[in-house]
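A.B. asks: Quick one: this structure, given as structure tokens, is what I'll be asking you about.
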Amino acid sequence: MKFVDEFRDPAKAAVLLDAINSLVPALVRDDGRPIHIMEVCGGHTHSIFRYGVSNMLPAEIELVHGPGCPVCVLPMGRVDDCVAIAQTPGVIFTTFGDAMRVPGSKRSLMQAKAEGADVRMVYSPLDALAIARDNPGREVVFFGLGFETTMPSTAFTILQAEAERIGNFSLFCNHITIIPTIKAILDSPDLRIDGFLGPGHVSMVIGSRPYAFIANHYRRPLVVAGFEPLDILHSIWLVLKQMAEGRCEIENQYGRVAPTEGNAAALEAIARVYELREFFEWRGLGSIDHSGVRIRASYARYDAERKFAIPALHIADPKSCQCGEVLKGVIKPWQCKVFGAACTPEAPLGALMVSSEGACAAYYQYGDLAGLRAKRDADAA
């Protein structure tokens, strides 16, 4: 395949759907519980809703939305830390756009900007480094967040800053790791997941081998999936085929982009610049051991956590917000009591309604809001 329209071919989708439907009878449970497949990545969630994949599938298959949106799992206290740095005199705070409106306990970065802080949206950490190069009299901080997908770009930026001896640049590191996250989900007593669609972008960096424990120890199949509708349907079929054949393996449907062994140059840069934290706090999931990275001491001069005094407080989400339950796959976004009412993209209570990869934003943008609210109210009654 060479062109994107080949990954959106209705005739090919129909063939895959026939193959999926042919496997379902052998997998139906006596208690009637659906087959739960979790797509770990928020990019998959948006593709699923954009192309109506959920509506194509038989009723026996239910897709569960996982914690693979790095903006969504950022705890409120870390947003407060960003605001505190941004409000420091002489600081230019730079960030990706989808983090601008994530609410902290008092304000978001967008609100801090409106109050006078110099907060600027950039498209890459190298943009932030260019700002530092152009403003030698000011401290420029880049808000680094994301899974292994974005770790290499910030690592290479720090290495570039070192090579150019740019001393007024630093990174507020909030990078997180995918493997401990999936393990935390698998260790949950409420686990009702039968298989996984693995994150394609993360796997471009780390490859598919690190997921082996999911099949070997937890006996769940995982298929690394691409992001087009045929990618997702093909990956679902591969998961179901493993289940029907009694296999639990790690398969790579996204092999055209994600190599089995990962990206050696990217992994080398990550290992050189970062080290694992003992633990990191996640919105809705709590503290997870070794689930985040920090900048190594040898690059301390580029570490905003060492350069600036930050509150570093643990702030609980609003009681009405159920982002945590959604992130763990316990409830669907529309089952949250404030979804589409007190919580909207224009006035979000939780990060899942803000991020371009958030499950709540996907439901709000592509779902039948009136129908979802009616279903929620009927279930509550």
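A.B. asks: Could you please rank H36, H234, placing first whichever residue has the fewest other Cβ atoms within 10 Å of its Cβ?
C.D. replies: H36, H234
A.B. asks: Taking the beta-carbon count within 10 Å as an exposure proxy, list Y51, Y211 from fewest neighbours to most.
C.D. replies: Going from sparsest to densest Cβ surroundings: Y51, Y211.
A.B. asks: If I measure Cβ to Cβ between cysteines in the chain, which ones have no partner under 4.7 Å?
C.D. replies: C41, C82, C173, C248, C321, C323, C336, C343, C360
A.B. asks: Taking 25 Å as the cut-off for C-alpha to C-alpha distance, list the pairs among K106/K319; K106/K183; K12/K183; K183/K241; K183/K337 that go past it.
C.D. replies: K106/K183; K12/K183; K183/K337
A.B. asks: Grab the beta carbon distance between D18 and E268, set R0 = 51 Å, and tell me the FRET efficiency rounded to 0.05.
C.D. replies: 0.70
A.B. asks: Run the numbers for A309 and M121: contour at 0.36 nm per residue of separation, minus the present Cα-Cα distance, in nm.
C.D. replies: Working it through step by step, the gained length comes to 65.4 nm.
A.B. asks: Could you work out how much longer the chain between A59 and R296 gets when fully extended? Use 0.36 nm per residue separation minus the Cα distance between them, nm to one decimal.
C.D. replies: Separation in residues times 0.36 nm, less the Cα-Cα distance, equals 80.4 nm.
A.B. asks: Right, something else. Separation between the A370 and D134 pseudo-spin-labels, each 7 Å from Cα along Cα→Cβ, expressed in nm?
C.D. replies: Each label point lies 7 Å from its Cα, and together they span 4.8 nm.
A.B. asks: Where does each of Y366, Y274, Y123 land when they are ranked from fewest to most other beta-carbon atoms within 10 angstrom?
C.D. replies: Arranged by neighbour count, lowest to highest, Y366, Y274, Y123 become Y123, Y366, Y274.
A.B. asks: Could I ask something else about it? Once every DSSP H run of n ≥ 4 in the chain is given -39500 (n - 2.57) and the sum is divided by its residues, what mean residue ellipticity at 222 nm do you get, rounded to the nearest 500 deg cm²/dmol?
C.D. replies: Counting only the DSSP helices, I get -10500 deg cm²/dmol.
Every number here is computed from the coordinates shown, using simple stated rules; none is lab data. Keep in mind that what you see is a predicted model, and the values were worked out from it rather than measured. Note that we place each Cβ from the backbone using ideal geometry, even for glycine, and neighbour counts take in every protein chain shown.
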